[in-house]
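This report refers to the structure that appears directly beneath it.
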């Protein structure tokens, strides 16, 4: 039996390095153009609009067998997106940049979640953990790298996107050629202890609430972080990138280590505790003034985010009979939330820092109540 190809998880590391570089580049350029928080928020939402529609279409046509082709198309497109950096001299071109980025990034991430199962042969709780670790690490590396490189000029700013996208292409071809039926068989025979099928099914629905919540909260905050830190706290580009890096690196750590806590899977208490951590993170900047409060805020929010993304992916793919459908819905919800998140956060930041930080608290509380209601209804139906 072959060893699992865990190295394929470098693909989302590299691709999300590209994604984070594009997002940070557009956010900082928008600030340099003098855009208001609302305009910056609408700009960030553009990515979500095209990601949503792309995911909806992909859910109908993408399969495990052809997922690698969509991943290749995404990588090739991002090479051209890197070159497009040179033309972003006005806010209009930034909108075009994010339109293309959202459209073709969905090709990669919907495809990879189907591709990774066949390529690694790992149980679902490990694939979800490694996937969360990989894409979060890529976002972290891309954010801090792009923050520094933007000070050096456009040529250097486009390099992370160009090189990382280029490197993934031969990797996809190698992994595809290495896939055999043995991997598929191994993946099905792995002894994974799972709850009853009905529990798996209901938590797949809870995953939809979870991924929508974490995306609407974090996409808005992280996309507006450069605007907030530069405009309200006088950070430079490099420091603004470092704050985004902190968020993603702790998201990566939290998402990976979540899989070690087996007893917390399929238990609502873990979701409530992590949402409480998210709410606490949003309150701390009012307690700790200045840079300290911002750093603690991004770290704690990253911890909440990592757990939420891990469980959402795991619950979706562990419902094996509907995994393709679940992943498609997950990514569609990511798209919708990525539209609403930056726009709403932009509106709130325009009203003031207090509104920007308190508004997500209400979303987290509402989400916790909704998830509890869904689970309570399920238990009432099964025991009634």
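A short reminder: the numbers here are calculations on the coordinates, not readings from a lab. Note that the structure is a prediction, hence the values are computed from the model and not measured. Virtual Cβ from ideal backbone geometry, glycine too; neighbours counted across all protein chains shown.
Data table
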read-out	value
Estimated distance in nm for a label pair at residue 61 and residue 292, the labels positioned 7 Å out from Cα along Cα-to-Cβ	5.5 nm
Relative contact order computed over the chain (Cα-Cα under 8 Å; 6+ residues apart), in percent	29 percent
The stretch 275-379: translational diffusion in µm²/s, Stokes-Einstein, Kirkwood Rh over Cα pairs, 4 °C, 1.567 mPa s	83 µm²/s
Gaussian network model of the chain, Cα within-10 Å springs - most flexible of 124, 267, 307	267
Mean ellipticity per residue at 222 nm, deg cm²/dmol - from DSSP H runs of n ≥ 4 across the chain, formula -39500 (n - 2.57)	-29500 deg cm²/dmol
Hydrodynamic radius (Kirkwood) for the stretch 1-99, which is based on Cα pairs only, to one decimal in Å	15.3 Å
Computed over the stretch 248-383: relative contact order in percent, which uses C-alpha pairs under 8 Å that are six or more apart	29 percent
Cα gyration tensor of the stretch 9-383 - equivalent ellipsoid semi-axes, whole Å, descending	31, 26, 17
Between the stretch 1-68 and the stretch 280-302, the alpha-carbon center distance in angstrom	26 Å
